[in-house]
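Trainee: Sharing a structure here in C-alpha cells format.
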Amino acid sequence: MVKGSPEPVPGVTADPGTGQDVVVSHGHGHSHGPAAPASARVRRLVIGLLLPLMALTLVGVAVLYPWGGHATAANAGVDGPTVTEHGVVTKVAASGCGGGGGSGGNNGGSGGGNGSGGAQCEAVTVQLDNQQTITEPMPIEPSTPRFSVGDKVVLGYNGADPSDPSSYQLLDFQRGFPLALLGVLFAAAVLILGRMQGLKALGALILTFVVIVLFVLPAMLAGKDPLSVGVVGAAVIMFMVLYLTHGLSARTSTAVVGTLVSLGLIGVLGWLFSLVGNLTGLDEDTANLITVLGHGIDARGLLLAGIVIGSVGVLDDVTVTQTSAVWELRRANPKLGWRELYAAGLRIGRDHMSSSVNALVMAYAGAALPLLLAYAASGRGLTDVLTAETVAQELVRTLVGSIGLVASVPITTLLAALIAMQEHIAIPVRRKRKPPTQDDMPTEEIQGLPVSKTPEPAPQRSSTASNPRRRRPEGQPQRPPAPPQSPSRRVPPAGPAAEDPPPRGTGVSKTRKQLPEPPPTTPNPRRA
C-alpha cells in the first residue's frame, strides 16, 4: 500500500466509469459466493408478474372487440334524426304553439309533435348552411333553452322532404369553438409547466380517449359484458398511459401491478354489493340507450363499468406516488429491510390517501348534484332518499371506489418494498482520509504547503508586570542604578520597602528605606 493512501472501506468500491466511491448494497445478508446482479433479479420478478396480466389483457381485447361492427340507431330501426345540420338563428318572435312543425329532441330540443294552442311559444327562424331557412316553434318552459339572434345551433334531419320544416329538429347549440379554445389553453398550461413530462401526459390523454372511443364504447354497444369491457379497457389504459408517462422501469411496472390488483378488487366489490343491494342500473339515461339500441343491455354491468373506469385516474396517482416514495427511501438508506420500507411508505400513503378519498367523493357528489337537489326538494326522509335507486347507485359507486383506493396503498407499498429490496443500490459516499504529513509526501509537494510552526510558549510575567514603569521624559537625567546588595543584607519583598517609587516628574521623591549601616570601627587604644 502506498504510504498515505486511504485504507479500504468494507462495502465501498470504486465506480469504473467515474472513479467515485460507491456503497454497494445487497438485498440479502447471507450469500455464498458472488451474488447475481440485483437488477437482473428485479427484471425477472417484474416480468413474471406482468406477463400473465398483459396476456390476459390482450386476450380480453381480442374476445370483446366487436369485429363485426356494433349497433346504431339506424340499423336498430329506431326513428329519430340521424343527420345533423348546422345553422344560425336569424329571428326570434313570440307566437302561439298551434300548428307548425316543431318537434322535440334531447339536450334542448322542443317537445315532439304539434303544441297546444294555449301554450306560449317562440318562433325561432334558423338559416342553414345551405342557405335554406326554416322556422321552429319552441315552447317557453323552464326545461327548454332560450335562443337568441346570432346563436349557432345544431338541427337534426330525419331524411324526409328537406323543404318541409317538420323534417328538422332544433337540437342544441354549437360549442366547437369555445371547447377548442379551452383545450388549447389546457394543453398550453400542461406544456408550460410540465415541458417534456407534460407532453407525455398529453399523449397519454389522447391514448385514453382512443381506447374509450375505439374499444370500450363499440364493445358495449355490441352487447358485450360491460363489466368485462370496463376492466379490460382500464387495463389497456394503465399499460399505455403509465409506461408512456413514466417510462419503462421497475417502479413503473410495480405501479401498474398495484393498479391492476386494485381495479380487480373494485370490480369484485362493485359486483357483490350491486347484487346484494338489488341495484338494476335502470335510470333514465340507460332506458333511453336501450330504446336507441333496440336490444337489451346489462344495465347493472354498465353501472359497474362506470365505477371501474371512474377509479382509474385516482388509482394511477396513488400507486405511482407510493412506488416512487418507497424507491427513494430505499436509495436514501440501503440498510432498511422490506418491513422498514413498508412501514415508512405506509406512513406516507396515509396522508395521500385521505386527500385522494376526499377528491373522489367530491367528484361523484359534484356529478350527482342535480339528483341530490331533486331529492332534497322532494320532502322525503333521509333514509328514503339514500336508499332510492339513483342515489344508492352513486353511493355504491363512491364507496366501492374509495375502498379500492384505500386498498391500493398497502398493496402497492408492499409490492414496491419487496421489489425494491432486490435492486442494486449504488450511492456515492465520501471516504475519510488522513491529513497528509511531511513524512508521507514528496519534497516538491511540501514546497507549496505552509509549514506548520510550533506555538511559542507564552512569556512569563515579571513581578512588575502589574505596574509597568512609565517611560522617562526627554531631558531628565537617568537615575543611577542602586548599588548591589549582599545576600545577607537583601531587603525582603514585604513592607514599605517593596513599594514602587512614585512616578517621576511629580515633584515628590521618596527613597526606599534601607537598614542602617553599622558605624565605622575605631581602633581600640588598649589593643594598640
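Trainee: Please give me the summed charge of the neighbours of Gly301: other residues whose Cβ is under 10 Å from its Cβ, Lys and Arg +1, Asp and Glu -1. Mind dumping the intermediate values first?
Mentor: Numbers: positive: Lys224, Arg300; negative: Asp225, Asp298.
Residues close to Gly301 contribute a combined charge of 0.
Trainee: Length gain on complete extension for the stretch Asn333 to Asp351, per 0.36 nm per residue less the alpha carbon to alpha carbon distance? Walk me through the intermediate numbers first.
Mentor: Values: separation 18, 0.36 × 18 = 6.48 nm, distance 2.18 nm.
Result for the pair: 4.3 nm of gain on full extension.
Trainee: Please give the FRET efficiency for Met54 paired with Ser95, using the beta carbon to beta carbon distance and R0 = 51 Å, rounded to the nearest 0.05. Present the calculation step by step, with values, prior to reporting the outcome.
Mentor: Values: r = 63 Å, r/R0 = 1.23.
Once rounded, the FRET efficiency stands at 0.20.
Trainee: Using amide H atoms built in the peptide plane, which far-off residues or other-chain residues are under 5 Å from Cys97 H to H?
Mentor: Amide H to amide H, under 5 Å and 5 or more residues apart or across chains, Cys97 pairs with Ala119, Cys121.
Trainee: I need the calculated FRET efficiency for the pair Leu193 and Met362, taking r as the beta carbon distance and R₀ as 22 Å, to the nearest 0.05. Show your work: numbers first, answer last.
Mentor: Details: r = 23 Å, r/R0 = 1.05.
That gives a FRET efficiency of 0.40.
Trainee: Then there's this: Across the Cα atoms of the range 195-424, what radius of gyration and what greatest pairwise Cα-Cα distance (Dmax) are found, in Å?
Mentor: Here Rg and the maximum Cα pair distance are 19.5, 64 Å.
Trainee: Would you grab the residues whose amide H sits under 5 Å from the one on Glu85? Only those 5+ places off in sequence or on another chain, please, with H modelled 1.01 Å from N.
Mentor: Amide H neighbours of Glu85: Leu155, Gly156, Tyr157.
Trainee: Now, a different point. Fewest first, what order do Ser378, Ser262 take by the number of other Cβ atoms within 10 Å?
Mentor: Numbers: Ser378 11, Ser262 26.
Final ranking by Cβ density, sparse to dense: Ser378, Ser262.
Trainee: Run the paramagnetic zone check for Arg380: 7 angstrom along Cα to Cβ, then residues of the range 255-284 with backbone nitrogen under 20 Å.
Mentor: 274-284
Trainee: Estimate the FRET efficiency between Asp285 and Arg146 by the formula 1/(1 + (r/R0)^6), using the beta-carbon distance for r and 25 Å for R0, to the nearest 0.05. Spell out each step's value before the answer.
Mentor: Values: r = 24 Å, r/R0 = 0.97.
The pair Asp285/Arg146 has a calculated efficiency of 0.55.
Trainee: Let me ask something additional. Using +1 at the C-beta of Lys and Arg and -1 at the C-beta of Asp and Glu, which of Trp338, Leu289, Ser355 has the Cα lying farthest in the positive direction of the dipole of the range 195-424?
Mentor: So the residue we want is Trp338.
Trainee: Further question: For a quick check: with amide H placed at 1.01 Å from N, whose amide H comes under 5 Å from Lys91's, ignoring anything fewer than 5 positions away on the same chain?
Mentor: Thr125
Trainee: Under the 0.36 nm per residue contour assumption, what length would be gained going from the current alpha-carbon distance of Leu217 and Arg175 to full extension? Mind dumping the intermediate values first?
Mentor: Values: separation 42, 0.36 × 42 = 15.12 nm, distance 2.26 nm.
Separation in residues times 0.36 nm, less the Cα-Cα distance, equals 12.9 nm.
Trainee: Could you tell me which of Ser311, Gly203, Leu399 has its Cα farthest along the dipole of the range 195-424 towards the positive end, charges placed at Cβ (Lys, Arg +1; Asp, Glu -1), taken about the Cα centre?
Mentor: Selected residue: Gly203.
Trainee: In nanometres, what is the gap between the two model label sites at Asn158 and Ala62, each 7 Å from Cα along Cα-to-Cβ?
Mentor: Taking the simple label geometry, Asn158 and Ala62 are separated by 4.6 nm.
Trainee: Please state the charge dipole magnitude for the range 195-424, taken about the Cα centre, from unit charges on C-beta atoms (+1 on K and R, -1 on D and E), reported in debye and rounded to the nearest 20.
Mentor: Details: 13 positive and 14 negative charges, 177 e Å.
The dipole magnitude comes to about 840 debye.
Read-outs: derived from the displayed coordinates by stated rules, not from any lab. These numbers were taken from a predicted model, which means no experiment stands behind them. Note that we place each Cβ from the backbone using ideal geometry, even for glycine, and neighbour counts take in every protein chain shown.
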